[in-house]
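This report refers to the structure that appears directly beneath it.
The values are calculated or read from the model by the stated rules, or taken from the named source; none is laboratory data. As the structure is a computational prediction, the values presented were derived from the model and not from experiment. Glycine also receives a Cβ, built like all others from the backbone with ideal geometry; neighbour counts cover every protein chain displayed. Remember, those area values only see protein heavy atoms, side chains included, never the ligands or the DNA or RNA. Shrake-Rupley method; radii C 1.70, N 1.55, O 1.52, S 1.80 Å.
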Amino acid sequence: MGIQASTCEAVQVKKVVFGMDIYPPYVLMNEQGQLTGIDCELAEEAGRRMGFKPEFRIIDWAKKKELLQSGEIDGIWSCFTMSGRENDFTWAGPYLGSSHSIIVKNDSDIYKLSDLNGRSLCVQSTTVPARIFEGGYKVKKTLPVLSELVMFSSTEDCLAALRQQGCDAVAAHEEALQSTVDGGGYRFLDEPLETVGIGVAFRGDSSYFADSLTKTFEQMRKDGFIKKVVEKYHLRYHEPPELSQRAE
């Protein structure tokens, strides 16, 4: 059953198909070949509270918008940044805050953004870091002039290039890079590229469901469920930017 606002209430939805990308620790494959991770656990809990069953489907991330518009998937849920895409989709969230950061090898002489002038940077295509350095996403800070911006289809490919000296640095979600840094041999630059809110994207005809999911996220935040799941994966919990700003 789809999630058309005019034909069903959230509690009547039997199955909702979410398009995802392998993006640890948000989405990963366990030893049994099943998808799990922060986003999968949050989807399962939201489904329990709202009365729907989430189905997780790995997609070609570069074609996510087309798959959503065609109806092949009902939503996009995989550490998906809302900032800069507010008008591209109908959103549920933000349910977490996330920083886009840059890592380098420990022995690198790159310590701040300006040190990347004349250097190469690897990014996953269509992500916020890619859009920032392509000029499609404006940030307030001054960006370095790179010698090369290298695009890959996954963050894992970016990290492989960094290990093999195929680039000088990698930019991605801080959380996706944390395990690499914790593993030794790598470090974050002192300043992040951007701090953003992440949410779940839907088509325009799913506004009722998206609003209901946003309310469920608020419940899950208030009762500590989201924070508990994030910390289970050894990450720091970041309030969504809007909530942080209201608290200041």
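Keeping the other protein chains in place, figure out the carbon and sulfur percent of the accessible area of the chain, with a 1.4 Å probe. Present the calculation step by step, with values, prior to reporting the outcome.
Working: 5480 of 11700 Å².
Solvent-exposed carbon and sulfur of the chain make up 47 percent of the total.
How large is ³J(HN,Hα) for each residue in segment 20-29, as worked out from phi by the Karplus curve 6.51 cos²θ - 1.76 cosθ + 1.60 (θ = phi - 60°), to whole Hz, x for Gly and Pro?
Once rounded to whole Hz, the list reads 9, 10, 5, 8, x, x, 6, 9, 8, 9.
So between Arg48 and Asp211, what do we pick up on full extension, going 0.36 nm a residue minus the alpha carbon distance?
That pair, Arg48 and Asp211, stretches by 57.0 nm at full extension.
Accessible area per residue for the chain in Å², computed with a 1.4 Å probe and the full protein assembly in place, what is it? Let's see the in-between values first.
Values: 11700 Å² over 248 residues.
Here the per-residue accessible area is 47 Å².
Do the alpha carbons of any pairs in Lys63/Lys222; Lys15/Lys215; Lys15/Lys64; Lys140/Lys232 sit beyond 25 Å of each other, and which pairs? If you can, show how the numbers build up before the last one.
Working: Lys63/Lys222 34 Å; Lys15/Lys215 19 Å; Lys15/Lys64 19 Å; Lys140/Lys232 33 Å.
Check vs 25 Å cut-off fails for Lys63/Lys222; Lys140/Lys232.
Kirkwood hydrodynamic radius of segment 104-246 from all distinct Cα pairs, in Å?
Averaging 1/r across every pair of different Cα atoms and inverting gives 17.1 Å.
Expressed as a fraction of 2.2 N^0.38 Å, the rule-of-thumb size for a compact globular protein of N residues, what is the C-alpha radius of gyration of the chain?
So the chain has a normalised radius of gyration of 1.02.
Kindly provide the Kirkwood hydrodynamic radius of segment 60-142 in Å, to one decimal, from all pairs of distinct alpha carbon atoms.
Roughly 15.2 Å, rounded to one decimal.
With n ≥ 4 as the cut-off for DSSP H runs, can you work out [θ] at 222 nm for the chain, using -39500 (n - 2.57) per run divided by the number of residues, rounded to the nearest 500?
Only helices count here, giving -9000 deg cm²/dmol.
Can you list residues whose amide H is under 5 Å from Gly84's amide H, if they're 5+ apart or on another chain and H is modeled 1.01 Å from N?
none
Taking amide H atoms as placed 1.01 Å from N in the peptide plane, list the residues 5 or more away in sequence, or in a different chain, whose amide H sits under 5 Å from that of Glu239.
Residues meeting the amide H criterion: Gly97.
From the phi angles alone, apply the Karplus equation (6.51, -1.76, 1.60; θ = phi - 60°) to segment 84-94 and give each ³J(HN,Hα) in whole Hz, x where the residue is Gly or Pro.
Here the 3J(HN,Hα) series is x, 10, 3, 9, 7, 9, 8, 10, 10, x, x Hz.
When we measure straight from the Cα of Lys138, which aspartates and glutamates land under 17 angstrom away, once same-chain ones fewer than 8 places off are left out?
The reachable aspartates and glutamates, counting only those whose Cα sits under 17 Å from Lys138, are Glu86, Asp88, Glu191, Glu194.
Based on DSSP, what percent of beta bridges with both residues in segment 1-151 are antiparallel, to the nearest 5?
Values: 3 of 15 bridges.
For segment 1-151, the DSSP antiparallel bridge percentage is about 20.
Among Gly183, Ile38, Phe202, whose Cα projects farthest towards the positive end of the dipole of the chain, with charges put on the beta-carbon of Lys, Arg (+1) and Asp, Glu (-1)?
Going by the charge dipole, the pick is Phe202.
Separation of segment 36-57 and segment 162-237 by C-alpha centroid, Å?
16
Using +1 on the beta carbon of Lys and Arg, -1 on that of Asp and Glu, and nothing else charged, what's the dipole of segment 17-161 about the Cα centre, debye to 20?
520
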